[in-house]
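Asker: Sharing a structure, written as structure tokens. Questions coming.
The values are calculated or read from the model by the stated rules, or taken from the named source; none is laboratory data. Every value quoted in this text rests on a predicted model; they were computed, and no experiment measured them. Cβ atoms come from the backbone with ideal geometry, glycine included; neighbour counts cover every protein chain shown.
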Amino acid sequence: MGKKVVIVTGASSGIGKELARGLAEKFKPDELWAVARNRERLESLKDILPVCVRAVPADLTAEAGLLALKTLLEEERPSVKVLVNASGFGIFERFDRIPEGDNLGMVDLNCRALTAVTQMAFPYLHAGSRVVNIASMAAFEPVPYGGVYAATKAYVLSFSRALAREWKSLGIKVLAVCPYWTKTAFFDRSNQNGVIRKFEVMYEPSFIAKKTLAAMDKRGDYVVPGAYSKFTHALTKLLPHSLVMKEFMRRQKLK
Ligand SMILES: NC(=O)c1ccc[n+]([C@@H]2O[C@H](COP(=O)([O-])OP(=O)(O)OC[C@H]3O[C@@H](n4cnc5c(N)ncnc54)[C@H](OP(=O)(O)O)[C@@H]3O)[C@@H](O)[C@H]2O)c1
């Protein structure tokens, strides 16, 4: 078997970066492969993580980016202990006001790339390996002014839960993580027009990472980190989605 590796996409920032930190400490891999576009930020992980970091700069919405990771896997043939798919972005705005490239980009990164990376990693997963996919609270309900983003996250949640069931017999655990608003660079891009005005909570990415690490050792195929998130999740299960959407529009002062 090859070297023991943890792969984290979206490791250059936010939730992915905090998960990289936590996984490095918890699993002590021979190498942590940090994937995202920004090489400099990936390289800087070498100064803060207690393990050998391999920066893998790749735009996962581009075929060349996906190929770079696939080629590396084929060359190194590692034993992948944990795969985290955290690369993702969202845009909150009325659908028709979002540039087509961004609407399709959300589908490409949040759904297509996550699926491709999971598939290319499969030959290197084994009994005891884990896959962690970062979905969102938005996965549980349609979100007006975040329609495409929420739909991509519903895909992540549904795909991950089905995969958890399929791969149970192989001993590979799959977990979807559904964070609520989290203080990261996500908002630099997602809320440029100030569509989201009210943030009931704002979690720290380190908190999301801590709860994710804990959930990896428990039963269950998805986790909703935080008490307020759990409360909201319960409401989205109990109430009709038409009502949940109406309330969201009212709170965000949207028409
Ligand atoms: N923040 C929230 O409120 C929140 C809530 C629920 C779920 N989430 C989800 O959590 C995940 C992590 O987001 P975050 O909040 O930590 O935001 P973030 O700090 O902006 O992190 C996003 C990560 O994705 C990477 N990325 C973006 N475009 C990419 C591309 N084309 N190819 C490869 N990597 C790319 C970014 O790195 P580069 O720019 O270097 O490529 C970065 O490492 C996302 O899936 C997001 O949808 C966030």
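Asker: Please determine whether any residue of the range 82-102 is modelled with pLDDT of 95 or more, of a type in the set (S, T, Y) and farther than 20 Å from P179 by Cα.
Answerer: No, the range 82-102 contains no residue that is modelled with pLDDT of 95 or more, of a type in the set (S, T, Y) and farther than 20 Å from P179 by Cα.
Asker: Give the residues of the range 46-102 that are of a type in the set (A, V, I, L, M) and under 30 Å from K253 (Cβ atoms), sorted by residue number.
Answerer: Within the range 46-102, I91, I98 meet the criteria.
Asker: A further question follows. Take the range 38-52 and flag every residue that is within 15 Å of the ligand (Cβ to nearest atom) and surrounded by fewer than 24 Cβ atoms within 10 Å (Cβ to Cβ).
Answerer: N38, R39, E40, R41, E43, S44, L45, I48, L49
Asker: Looking only at the range 1-22, count every residue that is more than 9 Å from the ligand (Cβ to nearest atom) and more than 19 Å from L69 (Cβ to Cβ) and tell me the total.
Answerer: Residues that pass the stated criteria total 3.
Asker: Hey, another quick one. For the range 216-255, enumerate the residues that are in contact with a helix residue (DSSP H, G or I) (Cβ under 8 Å, 6 or more places away or on another chain), of a type in the set (A, V, I, L, M, F, W, C), assigned to a helix (DSSP H, G or I) and in contact (Cβ under 8 Å) with a residue 40 or more places away in the chain.
Answerer: Correct list: V244 only.
Asker: If you don't mind, another one. Take the residues in the range 128-147 that are aliphatic (A, V, I, L, M) and not in a loop (DSSP other than H, G, I, E, B), then tell me which one is nearest to the chain's Cα centre (by Cα).
Answerer: Restricting to residues being aliphatic (A, V, I, L, M) and not in a loop (DSSP other than H, G, I, E, B), the top hit is I134.
Asker: Among the residues of the range 72-99 satisfying the criterion of being within 16 Å of the ligand (Cβ to nearest atom) and farther than 25 Å from L175 by Cα, which is surrounded by the fewest Cβ atoms within 10 Å (Cβ to Cβ)?
Answerer: Of everything passing the filter in the range 72-99, P99 is surrounded by the fewest Cβ atoms within 10 Å (Cβ to Cβ).
Asker: With the checklist (1) within 11 Å of the ligand (Cβ to nearest atom); (2) closer than 29 Å to D217 by Cα in hand, flag the one item E25 doesn't pass.
Answerer: Just one mismatch for E25, condition (1).
Asker: Sticking with this one: Checking the conditions here, which among V117, V56, V35 is part of a strand (DSSP E or B), crowded, with 16+ Cβ neighbours inside 10 Å, β-branched (V, I, T) and within 15 Å of the chain's Cα centre (by Cα)?
Answerer: That would be V35, the only listed residue that is part of a strand (DSSP E or B), crowded, with 16+ Cβ neighbours inside 10 Å, β-branched (V, I, T) and within 15 Å of the chain's Cα centre (by Cα).
Asker: Could you please let me know if A11 is closer than 27 Å to F187 by Cβ, touching a residue at least 60 places away in the same chain (Cβ under 8 Å) and outside any helix (DSSP H, G or I)?
Answerer: So A11 fits the description; yes.
Asker: Take the conditions within 9 Å of the ligand (Cβ to nearest atom), part of a loop (DSSP other than H, G, I, E, B), acidic (D, E) and at pLDDT 95 or above and apply them to D108. Does it pass? Give the derivation first.
Answerer: On the way: within 9 Å of the ligand (Cβ to nearest atom): yes; part of a loop (DSSP other than H, G, I, E, B): no; acidic (D, E): yes; at pLDDT 95 or above: yes.
In short, no.
Asker: Has the range 207-215 got at least one residue that is assigned to a loop (DSSP other than H, G, I, E, B) and over 15 Å from N133 (Cα atoms)? Full working, then the answer.
Answerer: From the range 207-215, those assigned to a loop (DSSP other than H, G, I, E, B) are none; that's our starting set.
No, the conditions are met nowhere in the range 207-215.
Asker: Could you run through the range 148-190 and say how many residues are near the ligand (Cβ under 10 Å from one of its atoms) and in a helix (DSSP H, G or I)?
Answerer: 9
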